[in-house]
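Here is the structure we will look at.
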Amino acid sequence: MTPSGVKATLSFSDGSPSMDLPIYKGSIGPDVIDIRKLYGQTGKFTYDPGFLSTASCQSTITYIDGDKGELLYRGYPIEQLATQCDFLDTCYLLLYGELPNAQQQQDFHKLVSEHTMVHEQMQFFLRGFRRDAHPMAVMTGLVGALSAFYHDSTDINDPRHREIAAIRLIAKMPTLVAMAYKYGEGQPYVYPRNKLSYAGNFMRMMFATPCEDYEPNEVLVRAMDRIFILHADHEQNASTSTVRLCGSSGTNPFAAIAAGVACLWGPAHGGANEAALNMLEDIQRNGGVEKIGEFIKQVKDKNSSVKLMGFGHRVYKNYDPRAKLMRETCHEVLGALGLENDPLFKLAMSLEKIALEDEYFVARKLYPNVDFYSGIVQRAIGIPVSLFTAIFALARTVGWIAQLNEMIGDPEYKIGRPRQLFVGSQRRDVPPLDKR
Ligand code: SDX
């Protein structure tokens, strides 16, 4: 970061001494006011629940311009990556900062494909779950359990160990997600087939059975690969911030990524695609397009706590560029499957049109986000709704590990330890039992 040459002067109306705070510039985006010395010099904290105005770190990985609806991975626009690259190219870019050349691409694909199997013991963890356990409960357990196999071979402060852990996590997530799915279906696990592409391997582990040959449908494989690319990283979102904070204690990367999986599960975050699809199916069940007006009325009613799932975003106050790409993928997949008249897709398009014209949503800058359409694509591919967030976690693992490795590699990093505004009881003595 570069000193901006401008400073912020903090002064107090009670005559307390004022303080100059340096301002730094990034390469793009908002400047930051460095408050690291604030408490030491003023005895005061800043207060920013939800971190709406707080930069937790400096990063070179992903940049979002919420007003322009722009998303850049290492400077490359998501629209170009989603149409000109595949997910493993995107993983290479996020991890190493540049797109791979032909040799690097070949080496990286081979490296990842050589780590797709998980230890045979992993399958016994699954047996501890009920068959109807939510896949995210299973994934939180399985990813954390990876620590048991690699904890003693991962020195988080060794860059080479960090790289091996990154490859292991990227390579094994599809295998674990497919195992979670097969366990729920009561079907045998399908081992990875390394001659297939990353997304093709995942589709085969998901949908193949020992009874017949399985040839992945290339349109669906491409759609799956695009879903992975669009979900790969997204600045300091809730789950990435969780991974950074968890990793800042020096814990092993598998445990830190498991924390990210747990955070992503929430419906306000990665669980929104599952919630958005359940919302569309509820509207469909209760009358479809004719009932949208009634539903929108509920959303506007502050007492209803009903939200338009798949809409709104903390950063995008314009269209989420990923939603546009996901909408295109919807058309491609439904067209390839002869589902152009899929009622749920038509309902989603109607709901989107009505919401985009409604003053309530326009005034609050509530536009469709990536989750609004990703559920429809995944449902068309044959992915059960309950697995949507696990697939989001599969894709986001590369972002989490790239951000974690960037933090650990930053000489300035230290364990995260926010403070608070205490509004509880003043000091008081414990009364005897008969006086309470
Ligand atoms: C992801 O951070 C990331 O980058 C996340 C993510 C990633 O890739 O990592 O992009 C993935 O999590 C996408 C978001 C998925 N979540 C949803 O689709 C769930 C529905 N969306 C909302 O929960 C909400 O929009 C959030 C949580 C996404 C953002 O919330 P904010 O920015 O804190 O906005 P807010 O809660 O302050 O809302 C501002 C106003 C409020 O109304 P008023 O009090 O001003 O009258 O907008 C309303 C909210 O009630 N509002 C909504 C709404 N989202 C916000 N009203 C109806 N439906 C919604 N979806």
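The values are calculated or read from the model by the stated rules, or taken from the named source; none is laboratory data. What you see is a predicted model, and the numbers here were worked out from it, not measured in a lab. Cβ coordinates were reconstructed from backbone atoms using ideal geometry, including for glycine residues, and neighbour counts include every protein chain displayed. For accessibility, only protein heavy atoms count, side chains too; no ligands or nucleic acids. Shrake-Rupley method; radii C 1.70, N 1.55, O 1.52, S 1.80 Å.
Applying the selection to segment 334-352, what residues are among the charged types (D, E, K, R) and more than 16 Å from the ligand (Cβ to nearest atom)? The answer is E340, D342, K346. Picking from residues in segment 89-106 that are under 25 Å from T242 (Cβ atoms) and in contact (Cβ under 8 Å) with a residue 24 or more places away in the chain, the one that is surrounded by the most Cβ atoms within 10 Å (Cβ to Cβ) is C91. With the structure loaded, tell me whether I376 is open to solvent by 30 Å² or more (accessible area, probe 1.4 Å), away from the ligand (no atom under 12 Å from the Cβ), farther than 18 Å from S241 by Cβ and at pLDDT below 90 or whether it fails that test. No, not satisfied.
Here is the figure for segment 181-213: residues that are open to solvent by 10 Å² or more (accessible area, probe 1.4 Å) and of a type in the set (A, V, I, L, M, F, W, C) total 4. Restricting attention to segment 264-283 and to residues that are surrounded by 20 or more Cβ atoms within 10 Å (Cβ to Cβ) and closer than 20 Å to Q403 by Cβ, the residue that is farthest from the ligand (Cβ to nearest atom) turns out to be W265.
Matching residues to (1) within 15 Å of the ligand (Cβ to nearest atom); (2) at pLDDT 90 or above:
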| residue | (1), (2) |
| --- | --- |
| R285 | no, yes |
| I296 | yes, yes |
| L325 | yes, yes |
| E332 | no, yes |
| D371 | yes, no |
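Being among the hydroxyl-bearing types (S, T, Y) and within 18 Å of the chain's Cα centre (by Cα): is that true of Y63 here? Yes: the conditions hold for Y63.
Would you check if K44 is outside the structural domain of T240 (by TED's automatic domain parsing), over 32 Å from the mean Cα position of the chain (by Cα) and free of Cβ contacts under 8 Å to residues at least 60 places away in the same chain? Walk me through how you get there before you give the answer.
Working: outside the structural domain of T240 (by TED's automatic domain parsing): yes; over 32 Å from the mean Cα position of the chain (by Cα): yes; free of Cβ contacts under 8 Å to residues at least 60 places away in the same chain: yes.
Yes.
Hey, can you tell me all the residues within segment 116-126 that are open to solvent by 50 Å² or more (accessible area, probe 1.4 Å) and touching a residue at least 12 places away in the same chain (Cβ under 8 Å)? Please lay out each step first, then the result.
Here is the first cut: in segment 116-126, the residues open to solvent by 50 Å² or more (accessible area, probe 1.4 Å) are 117, 119-121, 124-125.
M117, H119, Q121, F125 - these are the residues of segment 116-126 that are open to solvent by 50 Å² or more (accessible area, probe 1.4 Å) and touching a residue at least 12 places away in the same chain (Cβ under 8 Å).
Is it the case that Y413 is within 16 Å of the ligand (Cβ to nearest atom) and open to solvent by 30 Å² or more (accessible area, probe 1.4 Å)? Break it down into steps so the answer makes sense when it comes.
Values: within 16 Å of the ligand (Cβ to nearest atom): no; open to solvent by 30 Å² or more (accessible area, probe 1.4 Å): yes.
Criteria not met by Y413.
Going by the structure shown, is S305 within 15 Å of the ligand (Cβ to nearest atom) and free of Cβ contacts under 8 Å to residues at least 40 places away in the same chain? Criteria met by S305. Put simply, of I257, I229 the only residue that is closer than 23 Å to G66 by Cα, among the aliphatic types (A, V, I, L, M) and surrounded by 23 or more Cβ atoms within 10 Å (Cβ to Cβ) is I229. Residues in segment 154-183 that are at pLDDT below 95 and either among the aliphatic types (A, V, I, L, M) or within 16 Å of M117 (Cβ to Cβ) (or both): I156, I164, A165. Contact annotation: residue pairs with Cβ atoms under 7 Å, 6 or more positions apart or on different chains, pairing a residue in segment 343-364 that is over 15 Å from K291 (Cα atoms) with a partner that is assigned to a helix (DSSP H, G or I), are F345/C330; F345/L334; F345/I376; D358/I296; Y360/K300; F361/A355. For segment 117-137, residues that are within 20 Å of A171 (Cα to Cα), in contact with a Ser or Thr (Cβ under 9 Å, 6 or more places away or on another chain) and assigned to a loop (DSSP other than H, G, I, E, B) total 2. Of all the listed residues (G200, G184), the sole one being assigned by TED's automatic domain parsing to the domain that holds R130 and more than 24 Å from E79 (Cβ to Cβ) is G184.
State yes or no: is R396 touching a helix residue (DSSP H, G or I) at 6+ places or on another chain (Cβ under 9 Å), under 19 Å from A268 (Cα atoms) and either buried (at least 23 other Cβ atoms within 10 Å of the Cβ) or in contact (Cβ under 8 Å) with a residue 40 or more places away in the chain (or both)?
On the way: touching a helix residue (DSSP H, G or I) at 6+ places or on another chain (Cβ under 9 Å): yes; under 19 Å from A268 (Cα atoms): yes; either buried (at least 23 other Cβ atoms within 10 Å of the Cβ) or in contact (Cβ under 8 Å) with a residue 40 or more places away in the chain (or both): yes.
Here the answer is yes, as R396 does meet what is asked.
Of the strands (runs of 3 or more DSSP E) lying entirely inside segment 1-116, the ones with 3 or more residues being β-branched (V, I, T) are found at 2-10.
Given R364, R436, R419, which one is within 16 Å of the ligand (Cβ to nearest atom) and loosely packed, with under 14 Cβ neighbours inside 10 Å?
Details: R436 fails: within 16 Å of the ligand (Cβ to nearest atom); R419 fails: within 16 Å of the ligand (Cβ to nearest atom).
Exactly one residue qualifies, and that residue is R364.
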